[in-house]
Amino acid sequence: MKKMTGGQAAVEALKAEGTSHVFGLIGSATMEMFDALYDAEEIKFIGVHDERTGTHMADGFARMSGEAGVILAGQNGPGVTNLVTGLAQAKAAYSPVVSIGGALASGHRYRDAFQEVDQDALFKPVTKKTWTATAADRVPEMFREAFRESMAPRRGPVQLNLPRDVLAAEAEYEPLQTRDQYRPFMAPAGAPEAIARAAALLSAAERPVIIAGGGIKNTGGADQCMMLAEALNCPVVTSPGHGDAVSFGHPLNAGQMGPRGNVVASRLVKEADVILALGTRVGFNATFYTYDNINRDAKIIHVEMEPTAIGRYFPAEIGIMGDAPTVADQLRYEVEKGENRAKANAWTETFKAERAAYLAKRDADAQVDAMPIHPSGLFKTLRDVMPQDAAVTMDAGTLCLQATDALNYWQPRSLFTPLDFGLVGFSFACGLGIKLAAPERPVISLMGDGGFGMTVSELSTAVDHGINTVTIVMNNRCWGAEKAYQRDFFGERYIGADISSPPFDKLAELYGAKGYHAETLDEMAQAIEDALTCGKPAVIDTMVDPAALYSFRRDSFKHRGG
């Protein structure tokens, strides 16, 4: 038995989980925990400037590492309310974030005390689960439950509130369990009968396609997915935001599908006779929930770890609850037992020709001489100069949405976006977390000027901790997505769409980072090369054509006759 405060027990619980980094902002409500972190040499504390952006860092860290990202909001009330946007973002992305918040002393609850807010009610809609610790001796138990819940399929964020009196109180503790002792996990396989039926359906298909989603990307299942595709000789499309689920270089990879995907991948899903949805919900970003984006007559084999996702939006011919890479291996084994098949060969050869033509046209059509820089030219430059092991983060917004399928992702866990939450102000902070999880990887964050302006204070965090990412600010002096809608559907009656910003390259220098300004694509290429090797966090500010806007959600304005 060991006597500790609740704050010391909390840090011991983090050690038992193998936690390497804690992102957070100090506050008086959790001083006992911060004091214990002072002596925890195995945990690096990354002090942030805003709890929201700290949560994005924890989110990025979790997505890249595959482990839970930890954010600590030291203050109850305003400290924890700042977490809400970041946790809502993490929930939409199924990102395992363990959020810890200081809480009001237990005896002061429901008395309109200083900085009082009902934190349990506040976080319930944006987390998988929310708890408030009730006694110091239960702190390790609460941490075990928080990590277990966050990491269990489907993964997601949790919130653990720690009252001041619980952190200050002392208790006797048994030796803490390690994570291997209380949450061992084996990936479940699909039911054999369902696997046999699915393999037969795929083998008989003339126009099969595989949709690879987060269940392939986040499990490192690219090899299993593509070996199945090779056995079937069928194309693979990726769900939106998961263009890195399989390598760009594989000849059967068609890229991202859906309303925001490329025309080749999108056509495949619209014309396929059998669709294997492998670790994807086939949800909003992939389909807008309409048969405009998926063949109504296709037979769908839906593979998901979460049973409530199977057939939720589109009826499944066969539903398989299981781990996507494991099921892919099972299917490949069954397919390979059958006779050599050639039904899909014509379909696949046609796809390959269309894919090659599309990629050639993408390069040929890029506007490389436009001034100011046109997005298509910028994206071609990025394709040409980005290292193949680069990790790319993006915001929402018109320029980043255009970029999502315009870049090439050569290995899994190379693309990190807000996904279904559509958040602006995510990319830079997320990139800092990714860099800490994978310091050997180059990290390039794309943002508009509006989104970077929201989060620029975290340049101090990057400089203070030597987190050397490269942020490209695509500066078009407007909130581009909304300005596009005002242009296309509201008679160019612009209000609130135009913004001003300082020169971000000069601002970066004031923070102690490295700043670059690029007005031409040649300058951009050189700036990226220099930024990747400068040994500092770097910001490249470049003017992008403010007229190069695109209305992605045209369906939302059909009522206006546009």
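The values are calculated or read from the model by the stated rules, or taken from the named source; none is laboratory data. Quick caveat: nothing in here was measured; it's all calculated off a predicted structure. A quick note on method: Cβ atoms are made from the backbone with ideal geometry, for glycine too, and the neighbour counts reach across all protein chains shown.
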Item checked: Out of 353, 357, 364, 328, sole residue that is among the small types (Gly, Ala, Ser), surrounded by 19 or more Cβ atoms within 10 Å (Cβ to Cβ) and at pLDDT 95 or above -> 328
Check: Conditions: (1) of a type in the set (Gly, Ala, Ser); (2) over 24 Å from residue 446 (Cα atoms); (3) within 30 Å of the chain's Cα centre (by Cα). Residue 346 meets all but one. Number of the miss?
Finding: (3)
Next item on the list: State whether the residues of the range 419-426 include one that is under 20 Å from residue 513 (Cβ atoms), not basic (Lys, Arg) and not assigned by TED's automatic domain parsing to the domain that holds residue 250.
Entry: yes
Margin query: If I ask for residues that are touching a residue at least 12 places away in the same chain (Cβ under 8 Å) and surrounded by fewer than 16 Cβ atoms within 10 Å (Cβ to Cβ), which ones from the range 293-302 would you list?
Written below: 297
Check: Going through the range 21-43 one residue at a time, which ones are within 19 Å of residue 435 (Cα to Cα) and either touching a residue at least 40 places away in the same chain (Cβ under 8 Å) or outside the structural domain of residue 85 (by TED's automatic domain parsing) (or both)?
Finding: 21, 22, 23, 24
Check: Taking the range 331-341 as the region of interest, how many residues are among the acidic types (Asp, Glu), modelled with pLDDT under 95 and either assigned to a loop (DSSP other than H, G, I, E, B) or within 12 Å of residue 192 (Cα to Cα) (or both)?
Finding: 1
Notebook entry, point to check: Are there any pairs with C-beta distances below 7 angstrom linking a residue in the range 190-215 that is over 20 Å from residue 268 (Cα atoms) to a residue that is among the small types (Gly, Ala, Ser), with the two at least 6 apart or on different chains, and if so which?
Noted result: 190/322; 215/279; 215/324
Margin query: Can you report the number of residues in the range 165-174 which are assigned to a loop (DSSP other than H, G, I, E, B) and touching a helix residue (DSSP H, G or I) at 6+ places or on another chain (Cβ under 7 Å)?
Written below: 1
Note to self: For a quick check of your reading of the model, give me the residue pairs whose first member lies in the range 355-368 and is closer than 13 Å to residue 407 by Cα, whose second is part of a helix (DSSP H, G or I) and polar (S, T, N, Q), with beta-carbon atoms closer than 6 Å and at least 6 apart or on different chains.
What the structure shows: 366/376
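For (1) at pLDDT 95 or above; (2) farther than 30 Å from residue 285 by Cβ; (3) out of contact with any helix residue (DSSP H, G or I) (no Cβ under 9 Å at 6 or more places or on another chain), each residue gets a yes or a no:
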residue: 8; (1), (2), (3): yes, yes, no
residue: 15; (1), (2), (3): yes, yes, yes
residue: 36; (1), (2), (3): yes, yes, no
residue: 40; (1), (2), (3): yes, yes, no
residue: 49; (1), (2), (3): yes, yes, no
residue: 54; (1), (2), (3): yes, no, no
residue: 84; (1), (2), (3): yes, no, no
Item checked: Residue among 206, 230 that is over 26 Å from residue 97 (Cβ atoms) and under 31 Å from the mean Cα position of the chain (by Cα) -> 230
Item checked: Condition met for residue 385 (of a type in the set (Val, Ile, Thr), surrounded by 21 or more Cβ atoms within 10 Å (Cβ to Cβ) and closer than 21 Å to residue 470 by Cβ) -> no
Next item on the list: Go through (1) part of a loop (DSSP other than H, G, I, E, B); (2) surrounded by fewer than 24 Cβ atoms within 10 Å (Cβ to Cβ) one by one and return the number of the condition residue 402 breaks.
Entry: (1)
Notebook entry, point to check: Looking at this structure, is residue 171 touching a Gly at 6+ places or on another chain (Cβ under 9 Å), surrounded by fewer than 22 Cβ atoms within 10 Å (Cβ to Cβ), in contact (Cβ under 8 Å) with a residue 40 or more places away in the chain and not assigned by TED's automatic domain parsing to the domain that holds residue 302?
Noted result: yes
Check: Picking from 95, 99, which residue would you name as being touching a helix residue (DSSP H, G or I) at 6+ places or on another chain (Cβ under 9 Å), surrounded by 24 or more Cβ atoms within 10 Å (Cβ to Cβ) and outside any loop (DSSP other than H, G, I, E, B)?
Finding: 99
Margin query: Tally up the residues in the range 118-134 that are without any contact (Cβ under 8 Å) to a residue 60 or more places away in the chain, hydrophobic (A, V, I, L, M, F, W, C), over 26 Å from residue 66 (Cα atoms) and surrounded by 15 or more Cβ atoms within 10 Å (Cβ to Cβ), please.
Written below: 1
Check: Checking residue 271 against (1) surrounded by fewer than 16 Cβ atoms within 10 Å (Cβ to Cβ); (2) under 30 Å from residue 386 (Cβ atoms); (3) of a type outside the set (Lys, Arg), which single condition isn't satisfied?
Finding: (2)
Item checked: Matching residues in the range 1-16 - criterion: being of a type outside the set (A, V, I, L, M, F, W, C), surrounded by fewer than 22 Cβ atoms within 10 Å (Cβ to Cβ) and in contact with a strand residue (DSSP E or B) (Cβ under 9 Å, 6 or more places away or on another chain) -> 2, 3, 5, 12
Next item on the list: Pairs only if they're at least six apart or on different chains, beta carbon under 9 angstrom, first in the range 435-448 and more than 16 Å from residue 63 (Cβ to Cβ), second β-branched (Val, Ile, Thr) and assigned to a helix (DSSP H, G or I); list them, first residue then second.
Entry: 447/455; 448/398
Notebook entry, point to check: Of the residues that make up the range 458-472, is at least one under 30 Å from residue 440 (Cβ atoms) and either loosely packed, with under 14 Cβ neighbours inside 10 Å or over 24 Å from the mean Cα position of the chain (by Cα) (or both)?
Noted result: yes
Checklist line | residue 223 at pLDDT below 95 and more than 23 Å from residue 418 (Cα to Cα) | finding: no
Checklist line | Selection status of residue 30, buried (at least 22 other Cβ atoms within 10 Å of the Cβ), in contact with a helix residue (DSSP H, G or I) (Cβ under 8 Å, 6 or more places away or on another chain) and either β-branched (Val, Ile, Thr) or on the phi > 0 side of the Ramachandran plot (or both) | finding: yes
Checklist line | Answer residue from the range 303-318, given it is part of a loop (DSSP other than H, G, I, E, B) and not aromatic (Phe, Trp, Tyr) and is surrounded by the fewest Cβ atoms within 10 Å (Cβ to Cβ) among those | finding: 315
Next item on the list: With the condition kept exactly as written, say whether any residue in the range 16-31 is outside any loop (DSSP other than H, G, I, E, B), of a type in the set (Val, Ile, Thr), in contact with a Phe, Trp or Tyr (Cβ under 9 Å, 6 or more places away or on another chain) and within 19 Å of residue 462 (Cβ to Cβ).
Entry: yes
